[in-house]
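Read through the structure below, which is laid out as C-alpha cells, and then see the notes.
Read-outs throughout are calculated quantities, based only on the coordinates presented, and are distinct from any laboratory measurement. Keep in mind that this is a model prediction, so the values were computed, not measured. We place every Cβ from the backbone using ideal geometry, glycine too, and count neighbours over all the protein chains shown.
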Amino acid sequence: MFNFKNHFFQNKEKEKLTADLIAANKELAFQNEEKEKRAAELIIANKELLFQNEEKEKRAAELIIANKELVFQNEEKEKRAAELIIANKELIFQNIEKEKRAVELIIANKELILQHAEKEKRAVELIIANKELIIQHAEKEQRATELITANKELAFQNSEKEKRALELIIANKELIRL
C-alpha cells in the first residue's frame, strides 16, 4: 500500500539532502578557490624567499670581502706602527746622542778656557761639532714631521676602521634579521 505521508516525507528529505549537497558543493568550490589563491600566494612568497636568500648570499660575500679588507688594513696598520716604533727609537737614540754631544761641548768649552794654547785648534773642532749638531737637529725635525704625518695617517686609518666596523655590525644585524 502506498503511503502518501511516507512518500511526501521522503521527497522532503530528498530535497533537503539535495539542498545540503548544493551548499556543500558551493562550499567546496569556494574552498578550492581559496586554496588556489593560497597556492599562488605561496609561489610568490617562495620567489620572494629565493630572492632574499640570493641577496643574503650577496651580502655575505660582500662582508667576506670587507673582512678581508679589514684584515689587510690591520696588517698595514701594524706594519706602520712597527715602523713608528723604530722611528721613535731612532729619535730617542738621536736625542741621547745629542745630549751626549752637548755634554762633550760643555767639557770642550771648559777645556778651552783652561787650555788657552790649544784654543784655535779646539775652536775648529767645536765648529765641526756644531755643524754636526745642526745637521742632526735638521734630521730630527724632518723625522718629527714624518712622525706627525704618520700619526695623522694612523688616526685616519683608525677612523676608517671604526666606520667600517660599525657598518659591519649594522650589516651583521641586518643579516641576522633576515
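Of N11, N25, N95, the residue with the greatest mean-square motion in the GNM of the chain, using alpha carbon springs below 10 Å, is N11. Between segment 65-114 and segment 115-169, the C-alpha centres lie 8 angstrom from each other.
Principal-axis analysis of the Cα atoms of the chain puts helix 119-177 at an angle of about 10° to the longest axis. Residues considered: A45, A82, A60. Largest GNM mean-square fluctuation over the chain, using C-alpha springs under 10 Å, is found at A45.
Specify which residue in the list I86, H7, A102 is farthest towards the positive end of the charge dipole of the chain, using unit charges on the beta carbon of Lys, Arg (+1) and Asp, Glu (-1), about the Cα centre. Of I86, H7, A102, it is H7. Within the straight-line cut-off of under 30 Å between alpha carbons, the lysines reachable from K5 are K14, K16, sequence neighbours fewer than 8 places apart in one chain being disregarded. When the Gaussian network model of the chain links Cα atoms closer than 10 Å, the mean-square fluctuations of E15, E83, E48 top out at E15.
The charge dipole of segment 77-172, taken about its Cα centre with unit charges on the Cβ of Lys, Arg, Asp and Glu (plus for the first two, minus for the last two), comes to roughly 120 debye. Mind grabbing the base-10 log of I(q)/I(0) for segment 6-83 at q = 0.27 Å⁻¹? Debye formula, identical points on the C-alpha positions, no solvent, two decimal places. With one equal scatterer per Cα and no solvent, log10 I(q)/I(0) is -1.09. The convex hull built on the alpha-carbon positions of the chain has an orientation-averaged projected area of 18.0 nm². Measuring between alpha carbons in the structure, the pairs from K89/K173; K98/K152; K77/K173; K68/K152; K77/K100 lying more than 32 angstrom apart are K89/K173; K77/K100.
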